[in-house]
Each structure stands twice: as structure tokens, then as C-alpha cells.
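Here's the structure, in C-alpha cells; my notes come after.
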């Protein structure tokens with residue numbers, strides 16, 4: 001999801017009839033989270049900034065956290081589908097590697113958005129905990145996808161956990177520095193580094 005810069009204020013009475021109230025809510029929330037912090041921002045303030053009612057907010061999101069995590073289901077589906085679509089003879093490691101590379105390609109034009117989101121999450125203990133839950137859910141989803149390919153435990157569970165650890169290291173580096181390398185190339189480098197370490201044991 002890309003972030004569109006929105007300037008000016010909306011007329012509350014008219015905005016309820018304008019399209020893309022969800023997009024305005026997302027932008028308003030990001031602006032407020034960045035300026036005031038997640039913990040100090042209320043749903044009422046987000047709705048007011050976006051020019052909609054709180055009722056409209058709750059038609060789109062269950063709470064103010066969901067604005068930052070609403071893409072998790074899409075990411076999970078992408079990862080699982082890529083594992084399912086890996087060649088029949090691919091090893092579990094090869095299947096999850098292809099899956100994460102597909103995720104890397106998905107994020108390539110979302111670097112600035114991802115940086116803003118990461119900064120907001122790091123500023124809130126509640127959001128850091130929620131991010132860890134999301135990553136654990138993704139690891140479990142990858143493990144289930146591997147089981148459907150006939151991979152038994154503990155190999156399926158271990159591969160899912162390791163894959164998400166690789167993704168997290170690559171992603172945090174990608175949003176945290178100015179290295180021009182793509183996320184996909186960082187994921188590949190992280191997998192290569194892991195294989196090198198494993199070969200030494």
C-alpha cells in the first residue's frame with residue numbers, strides 16, 4: 001500500500017460523501033502517529049483529521065492498531081501461495097526462500113511507507129508486541145503451507161520460524177539504512193549467510 005500525501009483539511013459535512021474514506025483515514029492516522037505518537041492519538045482525532053465520523057472509522061477498522069496491520073492478511077496470502085506454487089521437487093528451504101523473495105518484490109515500491117510504519121511501531125510497546133504476534137502468525141502460516149506439501153514436523157515448524165527470522169533481519173536493514181540494495185537482494189544475502197553459518201556447524 002502506498003502512502004498518498006494529502007494536504008489541507010476536509011469539510012466534515014461533505015467528506016462523508018466523498019470516495020476513499022479509508023485512504024483518508026490511513027493518511028490521517030499516519031500523520032498523527034508520526035507527529036504525536038501512536039499512544040497519544042485517539043480514534044476521534046483520526047476521524048476528525050480525515051473529515052469523517054468515528055462510525056465511519058469503525059466501518060473500516062476495528063481499532064487504531066489495524067491501520068498499521070491491515071496488510072498482514074495480504075502478505076500472509078502472498079507467502080503461502082508462493083510456497084504452494086514452488087516446484088514439486090523444491091526442498092522446504094527452497095520453497096520458503098522463493099516465498100520471501102516474492103514478498104520482497106511486493107515491498108519494493110513501498111520503502112518510504114515501510115520506514116514510516118516501522119518508526120511508528122518502534123515508538124510504541126503495544127505496537128512492538130503486535131508486530132511480534134504478526135511475525136509469529138506468518139511463521140505458523142508458512143509451516144502449515146509446508147505441511148500441505150508433505151513436510152513433517154519439526155522440519156516444517158523450524159523452516160517457517162527460520163524463514164521469518166531471515167525476513168525480519170533483511171526487512172529491518174532495508175528500512176533502517178540508505179543502502180540502495182533491494183529488499184529481495186537482502187533476503188537472498190540473509191539466506192546465503194544463514195547457509196554459510198549452518199555449513200560451519
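What follows is calculated from the coordinates using simple rules that are stated; it is not laboratory data. Model, not experiment: these values are computed from the prediction. In this analysis, Cβ positions are derived from the backbone assuming ideal geometry, glycine residues included, and neighbour counts consider all displayed protein chains.
Worth a mention:
- Converting the Cα gyration tensor eigenvalues of the range 12-67 into ellipsoid dimensions via √(5λ) gives semi-axes, longest first, of 18, 11, 9 Å.
- Highest to lowest packing among 46-52, 126-132, 176-182, scored as the average C-beta count within 10 Å: 46-52, 126-132, 176-182
- Take every pair of alpha-carbon atoms less than 8 Å apart whose residues are at least six positions apart; their mean separation over the length of the chain yields a relative contact order of 20 percent.
- Placing one equal scatterer on every Cα of the range 149-201 and applying the Debye formula, the log10 ratio I(q)/I(0) at q = 0.19, 0.30 Å⁻¹ is -0.71, -1.10.
- On Cα atoms only, tilt of 183-200 relative to the major axis of the chain in degrees: 30
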